[in-house]
Amino acid sequence: MSYAIIGFGKVGQALARAFARKNIEVTVASRRPPEALVPQARAIGPTVVARSLRDALEADTIILAVPFEEHREVAKTLPSWKGKTVIDAMNALVPLEELDGLPSSAFAAKAFTGARFVKGFNHLIAAKLAADPIVEGGHRVIFLSSDDEDAIAPVAALAKQLGFAPVKLGKLNEGGALVHARGRVWGPLIFQDLFKKEQ
């Protein structure tokens, strides 16, 4: 399984740190040329590799950590997203009317035709995402939601591999609404830093 993080701002770098901590290779890309990302990528760890957007999108699993309004540009890079898992770590700060009344992930998913689309890794601030998720025997919770039940399993497995405790919230417009930031309306689970003990 290959992984890429698209967007190398605070959230993208925080996620890259999570991969580096577990020595899992991850490609990073942004609007900037790969050379511009190399110093920061190297500083995070040897498993974080800066590539062009096009090359990064060859990964099986792609984490979107770009500003919400840029997701369409990323989506246009590939003619088809069939066979790809896209993890939406974005939060939309636009009014609900601009999203056709949909949760931001359901709106964004329309641009990624054929992808298995999962909301995840979006409810924590970058500093918390970057920190070691294992604290006092508990694992930091990551909420996952998707309209494709089967898509959640591999993302949950990745979250576990990174040291997080995945918690499934069901469909995007149901449980997923709990972690959506929409305009000035924040889901009740946004910023909730929760831990789960191992069962």
_Subset of the stretch 12-44 that is more than 17 Å from GLY163 (Cα to Cα), touching a helix residue (DSSP H, G or I) at 6+ places or on another chain (Cβ under 6 Å) and not hydroxyl-bearing (Ser, Thr, Tyr) - its residue that is most open to solvent (accessible area, probe 1.4 Å)_ = ILE44
*Might you let me know whether the stretch 37-46 holds any residue that is closer than 19 Å to LEU158 by Cβ, hydrophobic (A, V, I, L, M, F, W, C) and out of contact with any Cys (no Cβ under 8 Å at 6 or more places or on another chain)?*
yes
*Return yes when SER52 is open to solvent by 10 Å² or more (accessible area, probe 1.4 Å), without any contact (Cβ under 8 Å) to a residue 40 or more places away in the chain, farther than 19 Å from GLY12 by Cα and over 18 Å from the mean Cα position of the chain (by Cα) and no when it is not.*
no
*So, in the stretch 104-124, of the ones that are charged (D, E, K, R) and without any contact (Cβ under 8 Å) to a residue 40 or more places away in the chain, which residue ends up surrounded by the most Cβ atoms within 10 Å (Cβ to Cβ)?*
ARG116
*Output yes when any residue across the stretch 86-97 is assigned to a helix (DSSP H, G or I), free of Cβ contacts under 8 Å to residues at least 12 places away in the same chain and over 18 Å from SER146 (Cβ atoms), and no when none is.*
yes
*Within the group ARG42, ARG32, ARG72, which residue is over 14 Å from ALA4 (Cβ atoms), without any contact (Cβ under 8 Å) to a residue 40 or more places away in the chain and in a loop (DSSP other than H, G, I, E, B)?*
ARG32
*asked:* Kindly evaluate ALA75 against the criterion of being more than 27 Å from ALA127 (Cβ to Cβ) and hydrophobic (A, V, I, L, M, F, W, C).
replied: yes
*Search result, residues across the stretch 55-103 that are open to solvent by less than 10 Å² (accessible area, probe 1.4 Å) and acidic (Asp, Glu)*: ASP88
_Qualifying residue in the stretch 134-146 (condition: closer than 13 Å to LEU169 by Cα, surrounded by 24 or more Cβ atoms within 10 Å (Cβ to Cβ) and of a type in the set (Phe, Trp, Tyr))_ = yes
*Wholly within the stretch 102-173, which helices (runs of 4 or more DSSP H) include no fewer than the required count, namely at least 3 residues that are modelled with pLDDT of 95 or more?*
149-161
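The values are calculated or read from the model by the stated rules, or taken from the named source; none is laboratory data. This one's a predicted model, so the numbers in the text were calculated from it and none came from an experiment. We place every Cβ from the backbone using ideal geometry, glycine too, and count neighbours over all the protein chains shown. Remember, those area values only see protein heavy atoms, side chains included, never the ligands or the DNA or RNA. Shrake-Rupley method; radii C 1.70, N 1.55, O 1.52, S 1.80 Å.
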